[in-house]
């Protein structure tokens, strides 16, 4: 039986302090057939040079240097150049457990899965485990998997079939700065016949204070929400997509709305009204929000009502 090749795609930007640990954890995997695609996204530091040094020493490593265009464009470059039967993504300041790939692919091959997701730890620079994110499901079809509400909404912690990505021309949305992972994963799952999540923690997220973060920018949250509104799904998916949107996009907007003004990205009243108002896809928006978190739901209503009143005047 042929051992399948897996392509591990790592977008690289300004991580010279962390990239060695990331690359080493991949090259030291116990699984025998890997290729590592390092996508240097115009790094201003020595990250690109470090990548080239690894490529010179190990023929499993390929490096692509490109002008800075963001993590989605870097991942898409990796997808376009991947040779493996399977694909996974690792952020350049994170690292894998030594048997991550072997254990994952053994489960995939044994059960003929289209998607396997595993759990993770969030670790600070001192090595302290701050958060252990676990979850577990049996083998489920796409609708059942979304309904189980155990999806790991990040590009990492997942093994994908390259054939599904290529046959559906699936890419990361390069126009989004927030939610691109979520959109990619939901679109991928919608094409799957069999999905599973295991409780094993095989991925380590570094809590890096230097990482660029747009979650505190309500305008980016709203932009992502608007993109999700145009994402056509089977009806059985929609309520679960709403729940994900509430969790990853709407909560940060509301939280920021009530922070001191200097910390808030100012949006006009019309922007709030036009992009937060319920529509066909979000007819249960307030009900779900209130049910999930009564306090946040009340804040949402409090925030929105002045703009509704303005429109009615």
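The values are calculated or read from the model by the stated rules, or taken from the named source; none is laboratory data. All values reported here derive from a predicted model rather than from experimental measurement. Here the Cβ is made from the backbone with ideal geometry for all residues, glycine too, and neighbour counts use every protein chain on show.
Numerical summary
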quantity	calculated
Only listed residue being in contact with a strand residue (DSSP E or B) (Cβ under 8 Å, 6 or more places away or on another chain), surrounded by fewer than 14 Cβ atoms within 10 Å (Cβ to Cβ) and either outside any loop (DSSP other than H, G, I, E, B) or not assigned by TED's automatic domain parsing to the domain that holds residue 25 (or both), chosen from 131, 118	131
Count - residues of the range 157-173 that are surrounded by fewer than 19 Cβ atoms within 10 Å (Cβ to Cβ) and within 13 Å of the chain's Cα centre (by Cα)	2
Given (1) in a loop (DSSP other than H, G, I, E, B); (2) under 22 Å from residue 24 (Cβ atoms), number of the condition residue 153 does not satisfy	(2)
Residues (crowded, with 17+ Cβ neighbours inside 10 Å and not in a helix (DSSP H, G or I)) located in the range 65-84	70, 82, 84
Matching residues in the range 144-154 - criterion: being surrounded by 15 or more Cβ atoms within 10 Å (Cβ to Cβ) and at pLDDT 85 or above	145
